[in-house]
Amino acid sequence: MSEANNTFTKPRSAPVIGGRGINVQIFIPCFVDQLYPTVAFNMVKVLQKAGCTVSYNPNQTCCGQPAFNAGFWGEAKDVCRKFIDDFEDSGYIVAPSASCTGFVRNYYGKLFENSPEKNKVKMLGERLFEFSEFMVKVLGVLDVGATLPGKATYHDSCAGLRECGIKKEPRQLLANVKGLELVEMTDVETCCGFGGTFAVKFEPISIGMADQKITNATATGAEYLISTDMSCLMHLDGYAKNKGSKIQTLHLADVLASGW
């Protein structure tokens, strides 16, 4: 970010090949902060190993997605405005969640379409990256020296696939994990059934979708079910345990930080 004009100059498509000298501000989603903090710590470990200087703004809170999805756009806008302020002076912003990343990129523009924050929102979307796409598209790093013996299958989250366009990046990173065999499940791009409040409002449908996903994942013979979104994995892990499945859910950051 240029101090003179406060504009971000590094294009999203230009990898810098390694993170030495790259400053990264991390955004940690609410559920990761409260329920899965290890995911955040492991993401930091991987970013630092890639050469990045990582910082964390303790004033950060929620991105505003829960309130927005529930229809409380006014309340959501207040939370989103705080997010904009918290990260206004940041360079790259990296999050272990395609869901939050996708929300900021695709819906902040709608909330602030005719407001003074419009340009800030545009620049924010250009600086914010989901973890795997930052590693591959910005840093150009595919191998972090991770080791995890076993067989795994990957779940494409709806936010990652449809809102962020992330498909090959996690697989490229997993392909370089020593000892890990990656196999694709049937209907890999089908929703897991979580969808935030969807799982509460339409519980029978949500459970049926989770059953289909776990059935397909288990059929591969995989020991691990990996994704970029802990929201999906939380839902699938709960269903798998209730069903008696032994498949273990892991966030991509946990896998990439393993075996060092």
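Summary of computed values
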read-out: Any chance residue 180 is closer than 22 Å to residue 236 by Cα and under 14 Å from the mean Cα position of the chain (by Cα); value: no
read-out: Those helices (runs of 4 or more DSSP H) lying entirely in the stretch 62-173 with at least 3 residues in contact (Cβ under 8 Å) with a residue 40 or more places away in the chain and open to solvent by less than 10 Å² (accessible area, probe 1.4 Å); value: 98-111
read-out: Top-ranked residue of the stretch 210-239 - restricted to ones that are of a type in the set (S, T, N, Q) and closer than 28 Å to residue 135 by Cα, ranked as surrounded by the most Cβ atoms within 10 Å (Cβ to Cβ); value: 228
read-out: Output for the stretch 22-42, where each listed residue is among the hydrophobic types (A, V, I, L, M, F, W, C), more than 11 Å from the chain's Cα centre (by Cα), open to solvent by less than 60 Å² (accessible area, probe 1.4 Å) and under 18 Å from residue 132 (Cα atoms); value: 22, 24, 26
read-out: Residue check for residue 45: open to solvent by 10 Å² or more (accessible area, probe 1.4 Å), within 25 Å of residue 144 (Cβ to Cβ), out of contact with any Asp or Glu (no Cβ under 6 Å at 6 or more places or on another chain) and part of a helix (DSSP H, G or I); value: yes
read-out: All positions within the stretch 48-61 that are under 22 Å from residue 82 (Cα atoms) and open to solvent by 60 Å² or more (accessible area, probe 1.4 Å); value: 56, 58, 59, 61
read-out: The stretch 191-209, residues that are under 18 Å from residue 99 (Cα atoms), open to solvent by 50 Å² or more (accessible area, probe 1.4 Å) and part of a loop (DSSP other than H, G, I, E, B); value: 195, 197
read-out: Every pair of residues 6+ apart whose Cβ atoms lie under 6 Å, when the first sits in the stretch 17-36 and is within 17 Å of residue 57 (Cβ to Cβ) while the second is of a type in the set (Val, Ile, Thr) and open to solvent by 60 Å² or more (accessible area, probe 1.4 Å); value: 23/53
read-out: Test: residue 185 is assigned to a helix (DSSP H, G or I), surrounded by fewer than 22 Cβ atoms within 10 Å (Cβ to Cβ) and either among the aliphatic types (A, V, I, L, M) or touching a residue at least 60 places away in the same chain (Cβ under 8 Å) (or both); value: no
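The values are calculated or read from the model by the stated rules, or taken from the named source; none is laboratory data. These numbers were taken from a predicted model, which means no experiment stands behind them. Backbone-built Cβ (ideal geometry, glycine too); neighbour counts: all protein chains shown. Calculation scope for accessible area: heavy atoms of the full protein, side chains included, ligands and nucleic acids excluded. Shrake-Rupley method; radii C 1.70, N 1.55, O 1.52, S 1.80 Å.
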